[in-house]
1. Just flag the trypsin sites (Lys or Arg not before Pro) in the stretch A:36-117 sitting in loop per DSSP whose Cβ has no more than 13 other Cβ atoms within 10 Å.
2. For the stretch A:39-194, build the charge dipole from Cβ charges (+1 Lys, Arg; -1 Asp, Glu) around the Cα centre, then report which of A:Phe171, A:Thr48, A:Val61 sits farthest towards its positive end.
3. Using only Cα atoms, locate the centre of the stretch A:144-199 and the centre of the stretch A:67-140, then give the distance between them in Å, rounded to an integer.
4. 5 Å is the cut-off here: which amide hydrogens, built 1.01 Å from N in the peptide plane, fall below it relative to A:Thr237, excluding neighbours closer than 5 in sequence?
5. With θ set to phi - 60° and the Karplus curve 6.51 cos²θ - 1.76 cosθ + 1.60, what are the ³J(HN,Hα) couplings of the stretch A:268-275 in order, to the nearest whole Hz, using x for Gly and Pro?
6. About the Cα centre of the stretch B:1-49, how large is the charge dipole given +1 on each Lys and Arg Cβ and -1 on each Asp and Glu Cβ? Please answer in debye to the nearest 20.
7. Contour minus end-to-end for A:Gln191 and A:Ala15, with contour as 0.36 nm per residue of separation and end-to-end as the Cα-Cα distance?
8. Test of understanding: ordering B:Leu40, A:Leu222, A:Leu350 by Cβ neighbours within 10 Å, fewest first, what list do you get?
Amino acid sequence: MRRWWTVPVTLCALAVLAMAVVAALRAGGLVALPGDVPVEARELVERTAAALDTVAVRGTVVTRALTPHGLVTTRAEVHRGDGRVVVRYLAGPAQGTTIYRDGDAVWARGPRGGLRRQAQLGDGWSAELLERNWQFTIVGRRRVAARPTIVFSGRGPGGSLTVAADRATWFPLSLERRDSAGETITATTWQIADFSVAPPPPPEPPPAGHGPPRGERRRIALADLQEAFEAGAHDFTLLEPTWLPPGFELEGWYLHEGPGGVMVEARCTDGLRALLVLQRSAAAPEPPGGGPAHRPGGRGMGRGGGAMRGQAGMGYAPMMHLRGAGGHAVRRVIGDTAATVIGPIRAEDLERVANDLQPSS
Amino acid sequence: MNCAQVRDSLAEYQLGGLSAEERRGVAQHLEDCADCRAELAALERLDELLTPAERVRAPADMWSRIQPRLRRRRAPWWQGLLASPRPAIAAAAAMLLAVAGIWLTTRGPATTIETEALASGYQEQQIVAQWSSPLADDAALGLMFASLNGDVVEP
């Protein structure tokens with residue numbers, strides 16, 4: 001004889017079990033949306049990153065960014081696709097300015113077409129670190145620019161990232177980065193998005209030698225860099241970071257060569273944030289702008305490979321506080337090398353990175 | 001003798017202090033030179049002015065009549081400071097503070113501009129590095145890039 005309460009208890013147990021399964025799936029970043037194939041959050045990151053490079057789209061965005069002038073909100077027309085991006089700002093401090101990105105070259109033209117600033121970006125980072133260091137979860141769905149999106153969020157040691165990816169193309173129609181205190185660093189949301197357009201035509205790059213100096217930045221293997229320093233190609237000692245904040249890894253080495261001189265960059269990242277160790281000759285005057293400097297005396301000092309000269313002569317410079325993307329900067333003169341460590345991390349961590357720099361061997 | 005030599009000797013010539021030979025030379029030059037004659041005439045007028053007048057005795061009550069008509073002369077400002085040094089020291093300290101303040105405020109912006117320019121350069125490196133990240137926000141990073149100080153070149 002069955003007891004009267006058997007059926008309701010069984011139903012309740014089934015309901016609890018179902019809720020537990022859904023919660024477990026969500027915690028693991030795996031969820032089956034109605035009518036969807038289940039998608040793992042990390043896969044979303046990869047697909048979204050790939051869509052940024054390949055998907056052609058044109059429209060208007062509202063963007064916010066922490067600039068040296070504070071948090072600025074502006075509207076812009078964006079046309080992108082096939083590795084090219086054209087952004088024209090319609091309001092705010094950059095009104096009338098157009099940003100061009102073509103591969104790893106980026107430049108800004110003013111309202112009257114004058115070249116205002118240019119840079120070379122170098123290679124893109126792998127998404128692997130981002131996936132490893134940041135915990136991503138799918139948090140829901142919403143409509144952005146009248147299109148359905150999947151919203152996922154990443155949490156890392158330095159803050160959070162929220163992305164609304166277009167369901168059809170995986171293109172991120174909304175991207176928002178916040179620091180660990182919850183303050184917005186950058187946020188861009190598309191208002192109108194037309195995915196039926198062709199990619200923008202290749203923009204005409206600035207003529208060589210025109211406008212502000214760009215310098216050359218190229219990725220270089222540490223072994224090649226060490227070999228060049230051993231051969232006496234540079235007049236300062238190459239330093240390597242021996243301590244990095246938790247979650248950060250050395251992403252690669254870059255060599256900046258311009259008319260002003262040579263600067264070595266050790267780029268570290270936790271997948272989303274950049275921590276830079278910039279090194280140049282201490283004999284050269286500090287260049288305005290922090291880039292490679294002209295070396296009036298040429299060579300003449302010893303070079304790396306041996307013991308660090310002048311370790312006792314470590315020079316300290318006051319910490320610089322950079323608004324916007326920068327965070328803080330710590331400058332040290334270690335022997336014949338002037339090192340600057342920059343990153344949006346705690347000041348004491350920057351100090352430790354700088355103090356633990358050692359000659360590369 | 002030329003004019004310069006004669007004019008150097010005119011005063012002694014007029015007072016009779018030259019030797020006979022020198023006196024002849026000066027006299028000969030004066031006959032031919034109107035300018036030096038004019039100079040001698042001026043010296044003679046001055047001499048008339050300097051000739052002592054007859055000495056007279058002042059009336060006995062002269063001072064008692066003049067004194068009431070004199071205005072009291074104000075003491076120089078620095079005599080007051082010397083009389084009471086504390087306010088003087090305080091004033092000097094205040095002036096030093098003011099000078100230091102002016103120096104610091106005028107020096108401040110120059111240092112800040114230099115630091116800002118440097119920071120702008122480092123910031124650019126940071127933005128450029130950030131731009132290579134897998135989910136780079138081109139519109140926001142472009143806004144940061146365009147908002148950096150310096151390097152503005154318009155045609």
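1. Details: sites: A:Arg42, A:Arg47, A:Arg58, A:Arg64, A:Arg75, A:Arg80, A:Arg84, A:Arg88, A:Arg101, A:Arg109, A:Arg112, A:Arg116, A:Arg117; in loops: A:Arg112.
Taking the stretch A:36-117 and a limit of 13 other Cβ atoms within 10 Å, the loop trypsin sites (Lys or Arg not before Pro) found are A:Arg112.
2. A:Val61
3. So the separation of the two Cα centres works out to 14 Å.
4. Counting only residues 5 or more places away or on other chains, the set is A:Asp336, A:Thr337.
5. 10, 7, 9, x, 10, 9, 9, 10
6. Values: 5 positive and 11 negative charges, 8 e Å.
That gives the stretch B:1-49 a dipole magnitude of about 40 debye.
7. Numbers: separation 176, 0.36 × 176 = 63.36 nm, distance 4.04 nm.
That works out to 59.3 nm of additional length.
8. Values: B:Leu40 18, A:Leu222 14, A:Leu350 22.
Ranking B:Leu40, A:Leu222, A:Leu350 by Cβ neighbours within 10 Å, fewest first, gives A:Leu222, B:Leu40, A:Leu350.
No lab work stands behind these numbers, since they all come straight from the coordinates. Since this is a predicted model, take the numbers as computed values, not measurements. Every residue, glycine among them, receives a Cβ derived from its backbone with ideal geometry; neighbour counts consider all protein chains shown.
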